[in-house]
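The values are calculated or read from the model by the stated rules, or taken from the named source; none is laboratory data. From a predicted model like this one, the values you see are computed outputs, not experimental measurements. With ideal geometry, Cβ positions are generated from the backbone for all residues, glycine too; neighbour counts draw on all protein chains shown.
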Amino acid sequence: MQNRLTVTGEKSRIEGEVKPEAFHRSERVSGKFVRSIELPMEVDDTAVQAEYKNGLLLVTLPKAAKAKPKQIMVNVA
């Protein structure tokens, strides 16, 4: 995975008239797109989940076990 998330997709042209207040922001009207994001740490690529609902893409990237902080027991004498 190399600590990078890449999202690709294609946005179809919407038929009919769309009022400007129907959306907050739109990068482009239609066409293919690719976005790559450098991740700050390693993720567990076997547990990655993505959900697209109501125009929102939610991607869950859990940290890899070796990227999580380790707890060390300290004995005080």
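Points worth noting:
- Scanning the stretch 52-71 for residues that are surrounded by fewer than 10 Cβ atoms within 10 Å (Cβ to Cβ) and either touching a Pro at 6+ places or on another chain (Cβ under 9 Å) or of a type in the set (K, R) (or both) yields K53, K66, K70.
- Taking every residue in the stretch 55-69 that is within 10 Å of D44 (Cβ to Cβ) and pairing it with any residue that is β-branched (V, I, T), at least 6 positions away or on another chain, the pairs with Cβ-Cβ distances below 8 Å are L61/V43; L61/V48; P62/V43; P62/V48; K63/V43; A64/V43; A67/V43.
- Out of V34, V74, V59, V29, one residue alone is β-branched (V, I, T) and at pLDDT below 85. It is V29.
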